[in-house]
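Written out below as structure tokens is the structure these notes cover.
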Amino acid sequence: MKQSYEIEICLGSSCFSRGNREVVQVIRDYLRKNHLDDKVLLKGARCMDRCSEGPFLTINGKTFIQTTLTEIEKILDRELAEPGR
Ligand code: FES
């Protein structure tokens, strides 16, 4: 099946320690729980040069800054709800 989404999450040291260490786990669990593993390509990135705005990630090229653990599920619900939107 073609992957419809691409999530790129910064795992550089700044973003990792600011929260992406946990955020990446939440994303993995979310994809598994919602059977989205085959629709979403999850990529870890090195520093994406946005450290001061971290933790940083992109979903289909759309940027999300200072993402918290409480926000990430809502963001995923919204961004992954309708393929091709
Ligand atoms: S470590 Fe994430 S943008 Fe630099």
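Read-outs throughout are calculated quantities, based only on the coordinates presented, and are distinct from any laboratory measurement. Values in this document were obtained by computation on a predicted structure and should not be read as measured data. Positions of Cβ are backbone-derived with ideal geometry, glycine not excepted, and every protein chain shown enters the neighbour counts.
Where both bridge residues fall in the chain, DSSP classifies roughly 50% of the beta bridges as antiparallel. Computed over the Cα atoms of the stretch 5-79, the ratio of the radius of gyration to the Kirkwood radius (Rg/Rh) comes to 0.93. In the chain, the longest principal axis of the Cα atoms and the axis of helix 69-79 are about 40 degrees apart. About its Cα centre, the dipole of the stretch 5-79 is roughly 100 debye, where the only charges are +1 on Lys and Arg Cβ and -1 on Asp and Glu Cβ.
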